Amino acid sequence: MPKSRIRKKDDYTPPPSRQAQAIKLTSRSWVAPVMLALFLIGLAWIVVFYVTETQLPIEALGNWNIVVGFGFIAAGFGVSTQWK
């Protein structure tokens with residue numbers, strides 16, 4: 001019986017290796033200090049407001065001083081999104 005023709009397969013050649021590309025991260029060393037500063041300013045604002053029985057930081061704002069303090073804290077969270 002005649003042999004059937006067998007298609008010759010090429011030997012395995014691995015795909016060309018890729019060289020690792022350096023990830024270029026911009027320097028964002030300012031983010032952590034600014035974030036922490038905003039958190040602490042907001043916390044201090046609220047604590048001073050309660051400790052001084054609404055006389056400080058700004059008496060004219062009244063209870064809106066709490067909103068200002070939380071605004072600083074929210075700004076800190078906003079800045080934290082820039083951290084890489």
Test: residue in segment 51-71 that is out of contact with any strand residue (DSSP E or B) (no Cβ under 7 Å at 6 or more places or on another chain), open to solvent by 90 Å² or more (accessible area, probe 1.4 Å) and at pLDDT 95 or above: yes
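Can you tell me which residues in segment 72-84 are of a type outside the set (A, V, I, L, M, F, W, C) and open to solvent by 60 Å² or more (accessible area, probe 1.4 Å)?
Of everything in segment 72-84, those that are of a type outside the set (A, V, I, L, M, F, W, C) and open to solvent by 60 Å² or more (accessible area, probe 1.4 Å) turn out to be Thr81, Gln82, Lys84.
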Are any residues in segment 15-55 among the aromatic types (Phe, Trp, Tyr) and assigned to a loop (DSSP other than H, G, I, E, B), and if so, which ones? Trp30
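The values are calculated or read from the model by the stated rules, or taken from the named source; none is laboratory data. Since the model is a prediction, treat every value here as computed from it, not as a measurement. No Cβ is skipped: glycine too gets one built from the backbone with ideal geometry, and neighbour counts run over all protein chains shown. Note: accessible area is taken over every heavy atom of the protein model, side chains too, but ligands, DNA and RNA are not part of it. Shrake-Rupley method; radii C 1.70, N 1.55, O 1.52, S 1.80 Å.
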